[in-house]
Amino acid sequence: VSNAAIDYVYLAILRSGVACDPIHIDDLPLIDLSRYRTVVFGNTFVLSSKQREFLTTTVARDGRTLVWFYAPGFSDGRSLDLSHISEVTGMRMAAAQVEGMPRITCTLPGDSTRSFGLGESTISPLFCVNDPEASQFGLFAHTQQVAVARKATRECTSWYIALPGKDIEPLRSILRQSQAHAYVSAGEIVYAGGGVLGIHMKDGGKHQVVLRDGRKLTFDLPEGAATLLLDAKTGKSILE
């Protein structure tokens, strides 16, 4: 679960069309959170009481969207406590009872029904959402146990996903619902920073880029892998 929660989740974000910054949990208090509409937590299975307090009082604010995977805060480094998962996600959680290899069937608004899991792995423990105030979007297969859920408050929107998967969804749909800006929509890899926008694609052809001001640019690229390096404000190419 640990490798998937970091590697697969990060790759899904890169392919979502949304620019991101990878930040270690220890560095999160050092950044300007006002720049971020969404914070995705991959492997935060160990959180101290101080970290949990920071997340619930500072990060979960200002209309931000938070996305949690598997078991955030389950351990404080000394013990295991299910209530800590409830604390950081803002949802009432429960232990899930799933036989064999767990899979999740999920349907998000605007997306088709999808099934995902971690292949041949048997995983224990597992957790599910048991909160009547949370909206349900996914269940562990062949059960009624909620594996994907959303809970919105006046301060933030919290998503819980019981297992990371290898696919771009459901994370891409969640990021777009969070109003994070999507530069592209065809699975291209996006990097942004310092006024530069980088977009890498495995296949050429026509690719549309939507700038932050809403302008749409179309690039007709030769066959094969290609990289666009653009001025993030003007959209002008800076790589000839």
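The values are calculated or read from the model by the stated rules, or taken from the named source; none is laboratory data. Every value quoted in this text rests on a predicted model; they were computed, and no experiment measured them. When we count neighbours, we look across all protein chains shown, and the Cβ atoms used for this are built from the backbone with ideal geometry, even at glycine. All accessible areas refer to the heavy atoms of the entire protein, side chains included, with ligands and DNA or RNA removed. Shrake-Rupley method; radii C 1.70, N 1.55, O 1.52, S 1.80 Å.
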In Å², what does the accessible area per residue of region 1-64 work out to with a 1.4 Å probe? 55 Å²
Using only the alpha carbons of region 131-189, what is the convex hull's orientation-averaged projected area in square nanometres? 5.3 nm²
Tell me which lysines have Cα within less than 30 Å of Lys50's Cα, excluding those fewer than 8 residues away on the same chain? Lys151
Determine the shape class of region 1-41: with a ≥ b ≥ c the square roots of the Cα gyration tensor eigenvalues, call it rounded for a/c under 1.5, and otherwise prolate if a/b is greater than b/c, oblate otherwise. oblate
Cross-link reach list, lysines versus Lys233, counting only Cα pairs under 18 Å and skipping chain neighbours closer than eight places: Lys216
Charge-dipole axis of the chain as Lys and Arg at +1 and Asp and Glu at -1 on Cβ define it, positive-most pick from Pro29, Thr113, Ala141: Thr113
Tell me, what % of the accessible area of the chain is carbon and sulfur with a 1.4 angstrom probe? 49 percent
Which distance in Å, rounded to a whole number, links the C-alpha centroids of region 172-198 and region 27-102? 23 Å
By average Cβ neighbour count within 10 Å, what is the ranking of 216-226, 161-171 from highest down? 161-171, 216-226
Debye sum, Cα scatterers, region 44-175, no solvent: what log₁₀ I/I(0) at q = 0.11, 0.13, 0.14, 0.21 1/Å? -0.36, -0.51, -0.60, -1.31
Rounded to one decimal in nm, the spacing of the 7 Å Cα→Cβ label points at Arg61 and Arg37 is 2.1 nm
Suppose the Debye formula is applied to equal point scatterers at every Cα of region 7-70; what is log10 I(q)/I(0) at q = 0.21, 0.24 Å⁻¹? -0.95, -1.25
Taking only the alpha carbons of the chain, what extent do you get along each of the three principal axes, in Å, biggest first? 55, 38, 30
Checking Glu120, Glu87, Glu133 against a Gaussian network model of the chain (alpha-carbon springs below 10 Å), the top fluctuating residue turns out to be Glu120
Can you compute the charge dipole magnitude of the chain about its Cα centre, using +1 on each Lys and Arg Cβ and -1 on each Asp and Glu Cβ, nothing else charged? Give it in debye, rounded to the nearest 20. 540 debye
Just to be sure I understand: with springs between alpha-carbon atoms less than 10 Å apart, which residue in Thr105, Thr122, Thr38 has the highest mean-square fluctuation in the Gaussian network model of the chain? Thr122
